[in-house]
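Contents: one structure, followed by commentary.
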Amino acid sequence: MYLKIRAVDVVRVPPERLGEELPVVVREMLQEKLEGRLDKKIGMVIAILDVLEIKEGRIMIGDAGVYYETIFTVLVFRPKMQEIVEGSVVEIVEFGAFVEIGPLDGLLHISQITDEFISYDEKGAKLVTKETGRTLGETDRLRARIVAISLNERDPSDSKIGLTMRQPGLGKLEWLEEERKKELEKSKEKGEPKGEKKPE
């Protein structure tokens, strides 16, 4: 889930940049310091949006830089348990699919794709269902639910997000569209007026 939050941090402006426009420098320092960082409480910092307030600068003994307490808004990505997300398959492996959801990847284990038996087609880099012959491959778009989260602040790429598609309304978008069309056809068949009765 993407959130816009208000945050406070102390920014050190180096001495060589003290003559420049302060809001511009502070924003650049915040971007350098925070963008791409992962925090378990707030999520992954995507972008510094606005610098709202820069308080009076402070200097420290033995440091030529100036420290400014700054209030700013930031865009973060924070995955939540049971959240429904849409993403693209970035890699197919024998045990499932890695799905890009925002700036992080989630794992859709082979057991969480469908109730059908699934085989791994290594040459075609696809997962294939046994009964219906449906396939899941790279670049396919899908809708899934987050069922496990383990974020790694030191190495965000090592974070683990578990996904499932084994619930109604979830799956490869193409499959969902097929099911929707089938439902529409069924409802049309049921809703069609029956032939008029002939008089006896």
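The values are calculated or read from the model by the stated rules, or taken from the named source; none is laboratory data. Owing to the predicted nature of the structure, the values given are computational and were not obtained by experimental measurement. Glycine gets a Cβ as well: all are built from the backbone with ideal geometry, and neighbour counts include every protein chain shown.
Which residue, of L163, L142, L104, is at pLDDT below 95, crowded, with 17+ Cβ neighbours inside 10 Å and among the aliphatic types (A, V, I, L, M)? Spell out the reasoning first.
Working: L163 fails: at pLDDT below 95; L142 fails: at pLDDT below 95.
Result: L104 is the single residue among L163, L142, L104 that is at pLDDT below 95, crowded, with 17+ Cβ neighbours inside 10 Å and among the aliphatic types (A, V, I, L, M).
Take the conditions surrounded by fewer than 12 Cβ atoms within 10 Å (Cβ to Cβ) and modelled with pLDDT under 95 and apply them to E94. Does it pass?
On the way: surrounded by fewer than 12 Cβ atoms within 10 Å (Cβ to Cβ): yes; modelled with pLDDT under 95: yes.
Yes; evaluated as a whole, the condition is true for this residue.
Go through the residues of the stretch 148-158 one by one and say whether even a single one is at pLDDT 90 or above, surrounded by 13 or more Cβ atoms within 10 Å (Cβ to Cβ) and of a type outside the set (K, R). Spell out how you get there, then give the answer.
Filtering the stretch 148-158 down to residues at pLDDT 90 or above leaves 148-150.
Checking the rest, the ones that are also surrounded by 13 or more Cβ atoms within 10 Å (Cβ to Cβ) come to 148-149.
Checking which are of a type outside the set (K, R) leaves us with 148-149.
Taking every residue of the stretch 148-158 in turn, at least one turns out to be at pLDDT 90 or above, surrounded by 13 or more Cβ atoms within 10 Å (Cβ to Cβ) and of a type outside the set (K, R).
When only residues in the stretch 167-187 that are part of a loop (DSSP other than H, G, I, E, B) and touching a strand residue (DSSP E or B) at 6+ places or on another chain (Cβ under 9 Å) count, which is surrounded by the fewest Cβ atoms within 10 Å (Cβ to Cβ)?
From the stretch 167-187, those part of a loop (DSSP other than H, G, I, E, B) are 167-170; that's our starting set.
Subset that is touching a strand residue (DSSP E or B) at 6+ places or on another chain (Cβ under 9 Å): 167, 169-170.
On the way: Q167: 13, G169: 10, L170: 20.
Here the answer is G169.
Kindly indicate whether S88 is hydroxyl-bearing (S, T, Y), over 13 Å from the mean Cα position of the chain (by Cα), outside the structural domain of E32 (by TED's automatic domain parsing) and surrounded by fewer than 17 Cβ atoms within 10 Å (Cβ to Cβ).
no
Can you pull out every residue in the stretch 99-114 that is over 17 Å from E174 (Cα atoms) and assigned to a loop (DSSP other than H, G, I, E, B)?
The answer is G102, P103.
So, in the stretch 126-155, of the ones that are under 23 Å from the mean Cα position of the chain (by Cα) and either assigned to a loop (DSSP other than H, G, I, E, B) or not assigned by TED's automatic domain parsing to the domain that holds G106 (or both), which residue ends up farthest from V85 (Cα to Cα)? Step through it out loud before you land on a result.
Here is the first cut: in the stretch 126-155, the residues under 23 Å from the mean Cα position of the chain (by Cα) are 126-127, 135-155.
Keeping just the survivors that are either assigned to a loop (DSSP other than H, G, I, E, B) or not assigned by TED's automatic domain parsing to the domain that holds G106 (or both) gives 138-140, 151-155.
On the way: E138: 17, T139: 15, D140: 14, L151: 17, N152: 20, E153: 22, R154: 24, D155: 23 Å.
Per the stated criteria, the residue is R154.
Which numbered condition trips up Y68, out of (1) assigned by TED's automatic domain parsing to the domain that holds D158; (2) surrounded by 13 or more Cβ atoms within 10 Å (Cβ to Cβ)?
If we test Y68 against (1) assigned by TED's automatic domain parsing to the domain that holds D158; (2) surrounded by 13 or more Cβ atoms within 10 Å (Cβ to Cβ), just (1) comes out false.
Quick check: is even one residue across the stretch 72-83 buried (at least 17 other Cβ atoms within 10 Å of the Cβ), more than 22 Å from the chain's Cα centre (by Cα) and under 30 Å from E21 (Cα atoms)?
Within the stretch 72-83, one or more residues are buried (at least 17 other Cβ atoms within 10 Å of the Cβ), more than 22 Å from the chain's Cα centre (by Cα) and under 30 Å from E21 (Cα atoms).
Can you report the number of residues in the stretch 129-177 which are in contact with a Leu (Cβ under 8 Å, 6 or more places away or on another chain) and without any contact (Cβ under 8 Å) to a residue 24 or more places away in the chain?
1
For the subset of the stretch 55-68 comprising residues that are in contact (Cβ under 8 Å) with a residue 40 or more places away in the chain and of a type in the set (A, V, I, L, M), which member is farthest from Q31 (Cα to Cα)?
That would be A64.
Could you figure out which of (1) crowded, with 16+ Cβ neighbours inside 10 Å; (2) over 30 Å from T135 (Cα atoms); (3) more than 18 Å from the chain's Cα centre (by Cα) isn't true of D63?
Among (1) crowded, with 16+ Cβ neighbours inside 10 Å; (2) over 30 Å from T135 (Cα atoms); (3) more than 18 Å from the chain's Cα centre (by Cα), D63 violates only (1).
Out of the residues in the stretch 10-55 that are modelled with pLDDT of 90 or more, among the acidic types (D, E) and out of contact with any strand residue (DSSP E or B) (no Cβ under 6 Å at 6 or more places or on another chain), which is surrounded by the most Cβ atoms within 10 Å (Cβ to Cβ)?
E28
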